[in-house]
């Protein structure tokens, strides 16, 4: 008997969880990952849930990806914790999410760069009930030999899984056609029953009678009963899914210049439903949406009828969440958010709007401020800046978690003169950590962005009590230019950090040393020329060698860890202290309870100084779009170099660039930037007044 294929399953949501359980029941060993902390509730003990997608994917024969959007697919593969580097040439990547052909095809080249060429495109149809019983329809695209390799899994999950084309993307193309039919059929079923109701007929009788004749369809018979249940209907397939999928249909049609007037009309119906608050309701709620213009009586809306032909009463306020990052070198995240809010609230036309402000951070400067605005208390501490001068900095503490940051203690912004690549030190960060430890936190988060030094975290360690010596036993002041002298490290007098979970937050994945390390990649940004870069890298090598004698530590392995090179090697220093490194964007979104805020809004407005090709590689906006799910996301940015297709692929519905609103350079002019951000806010309010936030 052959050994069953091992499976890594990424995405354990409404569809992914029952699919993974079906595979586990069929005898396949399944390791899973999901961003939701409640995923274990959905899969129980049948699936081995792991905290990192790379762990779930590593060593698996087949990796299944079941996410919601193309942006999420890209993040799973190439983001901060992207799995592309964890796959082997023998691994088969099975993409079962409905993300459209363009999203899948755009990932192929990046995967091939990692040596991954066995890709099968296999979106599913059939809903959660059929996912649980292994009776899905799976539309499969890919090379025959790769499809044959995953056929046992497909047979376990599907009643029908035909190979529909030899290209990766053909499965998505079939799914687009499938969703066109499904989306239009649901809309038509709702329209028919709404017409029956408006003409005084019994919709229930219409459903019963017409289901026996030529006019019936699967969607009429399946969604019809739920349409008549109204708000009491079980949510089996959220309306938001068809907002996304009908968008994929019209995008695909536009790419080949094919008119799809019925699909376009259905798409607008679903978009309207989302705007009226039905996004998370069952998609059968299109019936209620279509009835609403003609039905304003209390029996349907819970409001008194204003008389014959009266228009519906005023809608509830639209809830806008403004959650930007800083505009680096110009405005803080809070300043950006308040300026946009001011613009929105200054225009009182249109429907009422409720605005919530949530300034964000990704592990760079502004991280402490974001924690304070989220409810933590700020404390002022005295530290040495990157020049070695005393300055005041803040730490945040909420009773459990303390947050300190590199940027405001010893970052580039603390330099009072020229860049100092050889002498800048991370000592100030260590002093802030020492002060935070006195608050007895359970967790200490170190925001690693914006560093000025390349000292491997040695300055930080020195402030915490470490001692560095050269071959003659002389004390070495540990900054980048002196690291090469260090031969021995003494940690006996280190501050007691036991019992504190230490977390370094950054979206940098570089190792400590070598051509992709801290000196070579980031040294030039801190003023290092070619010779200085070489000297700094040699110093980092010497630091690691000196750490080899530290008991219980594998310094070489720690130095090669992804992220060890963050903040000039401070990531390595935190690893020496027993810390861990996480995605800064994802961690701070969780810390700020971002997902809860998003679940309560109708439109999310984010922003940053520059929207460009780097944004997809781990910038905060990319993480925001991933966490937003089906909530529409608009971005207000200083400059934008992405075209419409790239922005939409990222997950953005609309981009407003300050450069499009003024000919002035706002990047170094806070007053001008504030004025133009207010105008952007007014533009958003006017768009909300026309009920077109998804356009």
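Could you please find all residues in the range 532-552 being over 17 Å from residue 468 (Cα atoms) and at pLDDT below 95? Scanning the range 532-552 gives a single hit, 552.
Could you say which residue among 131, 196, 189, 103 is in a helix (DSSP H, G or I), closer than 16 Å to residue 19 by Cα and in contact with a helix residue (DSSP H, G or I) (Cβ under 6 Å, 6 or more places away or on another chain)? I'd like the intermediate steps shown before the answer.
Numbers: 196 fails: closer than 16 Å to residue 19 by Cα; 189 fails: closer than 16 Å to residue 19 by Cα; 103 fails: closer than 16 Å to residue 19 by Cα.
The conditions single out 131.
Of the residues 113, 20, 24, the single one that is farther than 27 Å from residue 615 by Cβ and without any contact (Cβ under 8 Å) to a residue 40 or more places away in the chain is 24. So, residue 600, is that one surrounded by fewer than 24 Cβ atoms within 10 Å (Cβ to Cβ) and under 18 Å from residue 341 (Cβ atoms) or not? Considered against the rule, which asks whether it is surrounded by fewer than 24 Cβ atoms within 10 Å (Cβ to Cβ) and under 18 Å from residue 341 (Cβ atoms), residue 600 comes out as yes.
Pick out the one residue from 454, 401, 423 that is within 21 Å of residue 371 (Cβ to Cβ) and in contact with a helix residue (DSSP H, G or I) (Cβ under 8 Å, 6 or more places away or on another chain). None of the others qualify; the one that does is 401. If you go through the range 632-675 and keep only what is surrounded by 22 or more Cβ atoms within 10 Å (Cβ to Cβ) and part of a loop (DSSP other than H, G, I, E, B), you end up with 632, 651, 652, 666. When the residues of the range 1-52 are filtered to those that are part of a helix (DSSP H, G or I) and touching a strand residue (DSSP E or B) at 6+ places or on another chain (Cβ under 7 Å), the one that is surrounded by the fewest Cβ atoms within 10 Å (Cβ to Cβ) is 40. Here residue 623 meets the list (1) surrounded by fewer than 18 Cβ atoms within 10 Å (Cβ to Cβ); (2) out of contact with any strand residue (DSSP E or B) (no Cβ under 9 Å at 6 or more places or on another chain) almost entirely, failing just condition (1).
Residue 167 meets each of the listed conditions (1) surrounded by fewer than 19 Cβ atoms within 10 Å (Cβ to Cβ); (2) without any contact (Cβ under 8 Å) to a residue 24 or more places away in the chain apart from (2). Being touching a residue at least 24 places away in the same chain (Cβ under 8 Å), part of a loop (DSSP other than H, G, I, E, B) and surrounded by 24 or more Cβ atoms within 10 Å (Cβ to Cβ) holds for only one residue in 88, 98, and it is 98.
Quick one: in the range 58-75, of everything that is modelled with pLDDT of 90 or more and within 17 Å of the chain's Cα centre (by Cα), which residue is surrounded by the most Cβ atoms within 10 Å (Cβ to Cβ)? Explain how you work it out, then say what you get.
Step one: filter the range 58-75 for residues modelled with pLDDT of 90 or more, giving 58-67.
From the residues that got through so far, the ones that are within 17 Å of the chain's Cα centre (by Cα) too are 65-67.
Details: 65: 24, 66: 28, 67: 23.
Going through the qualifying residues, I end up with 66.
Restricting attention to the range 608-617 and to residues that are modelled with pLDDT of 85 or more and buried (at least 23 other Cβ atoms within 10 Å of the Cβ), the residue that is farthest from residue 339 (Cα to Cα) turns out to be 611.
Results for (1) under 21 Å from residue 361 (Cβ atoms); (2) at pLDDT below 90; (3) not assigned by TED's automatic domain parsing to the domain that holds residue 75, shown as yes or no for each residue.
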position	(1), (2), (3)
606	yes, no, yes
619	yes, yes, yes
631	yes, no, yes
639	yes, no, yes
654	no, no, yes
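Residue 243 - would you say it is assigned to a helix (DSSP H, G or I) and modelled with pLDDT of 95 or more?
Working: assigned to a helix (DSSP H, G or I): yes; modelled with pLDDT of 95 or more: no.
Taking the combined requirement at face value, the residue does not satisfy it.
With a requirement of 3 or more residues that are under 14 Å from the mean Cα position of the chain (by Cα), the helices (runs of 4 or more DSSP H) lying completely within the range 554-606 that satisfy it span 584-591, 594-599. Residue 124 fulfils the conditions (1) closer than 21 Å to residue 25 by Cα; (2) surrounded by fewer than 19 Cβ atoms within 10 Å (Cβ to Cβ) except for a single criterion, (2). Checking 313, 307 one by one, the residue that is in a loop (DSSP other than H, G, I, E, B), on the phi > 0 side of the Ramachandran plot, surrounded by fewer than 20 Cβ atoms within 10 Å (Cβ to Cβ) and at pLDDT below 85 is 307 and no other.
The values are calculated or read from the model by the stated rules, or taken from the named source; none is laboratory data. Every value quoted in this text rests on a predicted model; they were computed, and no experiment measured them. Positions of Cβ are generated from backbone atoms using ideal geometry, with glycine treated the same way; all protein chains shown enter the neighbour counts.
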